[in-house]
Amino acid sequence: MLSTFDWIRRSQTGAELLATLRVGAGDEQIQIKEDDGPSSHETSIGPPLSALSSPCHRCWVYPRTRWPEQADLYCPFCKDILIKARKLGAVAQRAAVIWGFVNQLPKTGLVKQESPESPVLGTYLHDSKRFLLIIKQRRLRPWLQQLVLYHGTELKGLLQIFPTVGATSGICMGDVLCRAIHHESRFAMDQLRVRFYSAPYQLIRPHEREQKGILTFDASEFLSLLEMAKVFRTLVRPREQDMLYELLQLEDPTEVQFYWGRIQGLLDQEVKDMLTAWRIRQWPKTRVKLLYELTNYVVFDESH
Ligand SMILES: [Zn+2]
């Protein structure tokens, strides 16, 4: 019999992962635990692979659903996941995955609240130290802030944050998750750290990002970066963001000076003051890239 985690690892995409959590627990309560997973109602094993018959084409374990005329390709559980996943593509695209390996499971932030404002889309508690969370991407900052405020320095370990995998990315969501587990014990459990991957393939090749210093952060340092990204997204208009990005990626200092002078005429005084205070022109290009990546994980502050 497959465990809940076996089902989770079979997810090809973020939408399938989200659907697995939902099928596992029913649509209302999107939370499953190790021992009451979707496998509990499946007991028989499908026939061995042969020219005439084969088990479900997705899990390769359970029998395919049989109709009077012909057999389906999938077992009932896989079919249910695939149908639900079709409707969850857009939600999954705007979600982030968090794999947590911590000294104790947090007392807050792991369960979906009933309000539409709840950042949590799905949860799986693996054991007393590990959890999987699917969260609305743009709600990451308040979620992390609440976690850090509630637990202070008591909570230690590593939170790995990465995007979901789409249907055409050529990479499997389950494999990406296994890579996160592979990296989980890389650090001593002496503080709370965040590893932020802006693309799923970076979990397979994290060294490049690590060498550039844009992979691992202390949790409070990462929160400050998210706060900067939020202010940047709120104050700088999208076209100006694009112009600034191009300018800050230029190699030639004379060219940078020239375009910097020109863009000053377009920016509001508040933005100019902010960028000067940040000394953004002196930032390494990789740090600029990180700021722009993080703007996808914050909301536009309408109160400003
Ligand atoms: Zn199946």
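In Å, the Kirkwood hydrodynamic radius of the chain over pairs of distinct alpha carbons? Before the final figure, lay out each step's value.
Working: mean 1/r = 0.0469 Å⁻¹.
Result for the chain, one decimal place: 21.3 Å.
Taking amide H positions as placed in the peptide plane 1.01 Å from N, state which residues far from Val61 in sequence (5 or more) or on other chains have amide H under 5 Å from it.
Residues meeting the criterion, in which the H sits 1.01 Å from N, are Cys56.
Lys/Arg Cβ at +1, Asp/Glu Cβ at -1, dipole of the chain taken about the Cα centre: which of Cys56, Val91, Leu125 is farthest positive-ward?
Cys56
Give the lysines whose C-alpha is closer than 16 Å to that of Lys285, dropping any in the same chain fewer than 8 places away, or say none.
Straight-distance partners of Lys285: Lys212.
If I stretch the segment between His304 and Met1 completely, what's the gain in nm (0.36 nm per residue apart, minus their alpha carbon distance), one decimal?
103.7 nm
Can you give me the % of accessible surface on the chain that is carbon or sulfur? Probe 1.4 Å, all protein chains present, nothing else counted.
For the chain, the apolar C and S fraction of the accessible surface comes to 51 percent.
Provide the gained length on full extension for the span Thr168 to Asp242, in nm with one decimal, where the gain is 0.36 nm per separating residue minus the Cα-Cα distance.
So the chain would gain 24.0 nm between Thr168 and Asp242.
So, counting K/R as plus one and D/E as minus one, what does the shell of residues with Cβ under 10 Å around Val194 add up to?
Within the 10 Å Cβ shell, the charges total 0.
Across region 267-272, in residue order, what do the Karplus-derived ³J(HN,Hα) couplings come to in whole Hz, using 6.51 cos²θ - 1.76 cosθ + 1.60 with θ = phi - 60° and x for Gly and Pro?
With the stated coefficients, region 267-272 comes to 8, 5, 4, 4, 5, 4 Hz.
Do you know the relative contact order of the chain, to the nearest whole percent, from alpha carbon pairs under 8 angstrom that are 6+ apart?
Worked out over the chain, it gives 16 percent.
Looking at the chain, which longest stretch skips every one of the chymotrypsin sites (Phe, Trp or Tyr not before Pro) that is in a DSSP loop with at most 15 other Cβ atoms within 10 Å, leaving the sites themselves out?
Value returned for the longest uninterrupted segment is 61-186.
Calculate, for Arg86 and Lys285, the FRET efficiency according to 1/(1 + (r/R0)^6) with r their C-beta to C-beta distance and R0 51 Å; round to the nearest 0.05.
0.80
Under 8 Å for C-alpha pairs, at least 6 residues apart: give me the relative contact order for region 105-197, rounded to a whole percent.
Computed value for region 105-197: 25 percent relative contact order.
Any idea of the accessible area per residue across the chain, 1.4 Å probe, to the nearest Å²?
Here the residues of the chain average 51 Å² of exposed surface.
Label-point separation (nm) for Asn103 and Arg186, each offset 7 Å from Cα along Cα-to-Cβ?
2.2
At a Förster distance of 22 Å, what's the computed FRET efficiency of Glu154 paired with Arg94, Cβ-Cβ distance as r, to 0.05?
My answer for the efficiency is 0.10.
Rounding to the nearest 10 and keeping the result within 0 to 90°, find how far the Cα-based axis of helix 253-264 lies from the longest principal axis of the chain.
For 253-264 against the chain, the angle is about 90 degrees.
Taking 24 Å as the cut-off for C-alpha to C-alpha distance, list the pairs among Lys87/Lys129; Lys84/Lys112; Lys136/Lys230 that go past it. Write down the numbers at each step before the final one.
Values: Lys87/Lys129 32 Å; Lys84/Lys112 19 Å; Lys136/Lys230 15 Å.
Over 24 Å Cα-Cα: Lys87/Lys129.
Please work out the C-alpha center-to-center distance from region 81-157 to region 183-236 and express it in whole Å.
One Cα centre to the other: 16 Å.
If the label point is 7 Å along Cα→Cβ of Glu221, which residues in region 166-202 have backbone nitrogen under 15 Å from it?
It comes to 187-188, 190-197, nothing else.
The values are calculated or read from the model by the stated rules, or taken from the named source; none is laboratory data. Treat the numbers as computed from the prediction; the structure is a model and nothing was measured. Every residue, glycine as well, gets a Cβ built from its backbone with ideal geometry; the counts of neighbours run over all protein chains shown. To get the accessible areas, we keep the full protein, side chains included, count just its heavy atoms, and leave off ligands, DNA and RNA. Shrake-Rupley method; radii C 1.70, N 1.55, O 1.52, S 1.80 Å.
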